[in-house]
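Visitor: Have a look at the structure that comes next, please.
The values are calculated or read from the model by the stated rules, or taken from the named source; none is laboratory data. Just so it is clear, the model here is predicted, and its values are computed rather than measured. Neighbour counts are summed over all protein chains in view; Cβ atoms, including those assigned to glycine, are modelled from backbone coordinates with ideal geometry.
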């Protein structure tokens, strides 16, 4: 089945994956046609290290074989919030995802440089001349005392994370972006349907995550806790992680109401600054916020202490708990080929 869902913020695309050479055309209610690229064969999926050219900094990308799963949480799950249901079946394609959250070591290569990598092959002709923009200097220490070397980047907006991905894509010649909310949860669950990727017992969360009970109110260097079954670290805790989607508390209700298998669903981000999806819980949260199904939307309180006028579109002065990890799709939806943030200084909240 194929469907194109219209919601408040944009289109959510759904289709059926085919062979490597096939395209699925999804037709919108007003006649638009969107070609959905099918996945590369699973045999081509191999975990790899990505070196950032011009540096000795590298990060590991874990191969994820796509499949179907139940997105959201059952009514009986402890700590469940209303926006996590109803559960509905989703299918995602093959992709790679960062083994850990993006660190300052990686992010500094972007925001502390002035290089302009050449446009990537997949960028549309009218986008190829677009310069990479970078964060303006923050008004204070951007780490807020949480540590730098080996630590996850924090306090950055979704716009900032998306611009980093655009720079990284040009710099490496490899397509990187933020994960969709569905891709994130699929990777976090790692084939499980329990509250956490290791089971339902929240008393064991300290083996897998930095959270309010063991963090000493600080984010920690990445990769120090046990990984989930697919080898991913810090999917629970340490820092919340940006997803590509706009946040809508009613997204799952709208999707489940279709009564169809949803393939690669997402809520395309718009020019609005809020709200965007962040997943996984953080060093400041209690265990229930670290569950695989837990969702959170950003809001204006995350910038409430920003003294700049207008307030920065790059830094979150009151969100020392949010960072991100990157995804490389095996086959991309054409409308996401050169996706970039639409947020500008003139964007409303």
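Visitor: Does the range 260-281 hold any residues that are over 16 Å from residue 72 (Cα atoms) and either surrounded by fewer than 24 Cβ atoms within 10 Å (Cβ to Cβ) or free of Cβ contacts under 8 Å to residues at least 24 places away in the same chain (or both), and which are they?
Guide: 268, 270, 271, 272, 273, 274, 275
Visitor: Give me the residue from the range 140-159 that is closer than 15 Å to residue 111 by Cβ and over 20 Å from the mean Cα position of the chain (by Cα) and, out of that set, surrounded by the fewest Cβ atoms within 10 Å (Cβ to Cβ).
Guide: Among those that are closer than 15 Å to residue 111 by Cβ and over 20 Å from the mean Cα position of the chain (by Cα), it is 141.
Visitor: Considering 181, 185, 163, which residue is in contact with a helix residue (DSSP H, G or I) (Cβ under 9 Å, 6 or more places away or on another chain), over 27 Å from residue 305 (Cβ atoms), buried (at least 17 other Cβ atoms within 10 Å of the Cβ) and modelled with pLDDT of 95 or more?
Guide: 181
Visitor: Among the residues of the range 249-259, is there at least one that is under 14 Å from residue 72 (Cβ atoms), surrounded by 24 or more Cβ atoms within 10 Å (Cβ to Cβ) and either out of contact with any helix residue (DSSP H, G or I) (no Cβ under 9 Å at 6 or more places or on another chain) or free of Cβ contacts under 8 Å to residues at least 60 places away in the same chain (or both)?
Guide: Within the range 249-259, one or more residues are under 14 Å from residue 72 (Cβ atoms), surrounded by 24 or more Cβ atoms within 10 Å (Cβ to Cβ) and either out of contact with any helix residue (DSSP H, G or I) (no Cβ under 9 Å at 6 or more places or on another chain) or free of Cβ contacts under 8 Å to residues at least 60 places away in the same chain (or both).
Visitor: Out of the residues in the range 206-240 that are closer than 18 Å to residue 295 by Cβ and touching a residue at least 60 places away in the same chain (Cβ under 8 Å), state the one that is surrounded by the fewest Cβ atoms within 10 Å (Cβ to Cβ).
Guide: 211
Visitor: For residue 60, only one of the following conditions fails: (1) surrounded by fewer than 19 Cβ atoms within 10 Å (Cβ to Cβ); (2) modelled with pLDDT of 95 or more; (3) under 23 Å from residue 189 (Cβ atoms); (4) over 19 Å from the mean Cα position of the chain (by Cα). What is its number?
Guide: Tallying (1) surrounded by fewer than 19 Cβ atoms within 10 Å (Cβ to Cβ); (2) modelled with pLDDT of 95 or more; (3) under 23 Å from residue 189 (Cβ atoms); (4) over 19 Å from the mean Cα position of the chain (by Cα), residue 60 fails exactly one: (4).
Visitor: Please go through the range 70-87 and give me each residue that is in contact with a strand residue (DSSP E or B) (Cβ under 8 Å, 6 or more places away or on another chain), surrounded by fewer than 20 Cβ atoms within 10 Å (Cβ to Cβ) and either in a strand (DSSP E or B) or free of Cβ contacts under 8 Å to residues at least 40 places away in the same chain (or both), ordered by number.
Guide: Result: 70, single match.
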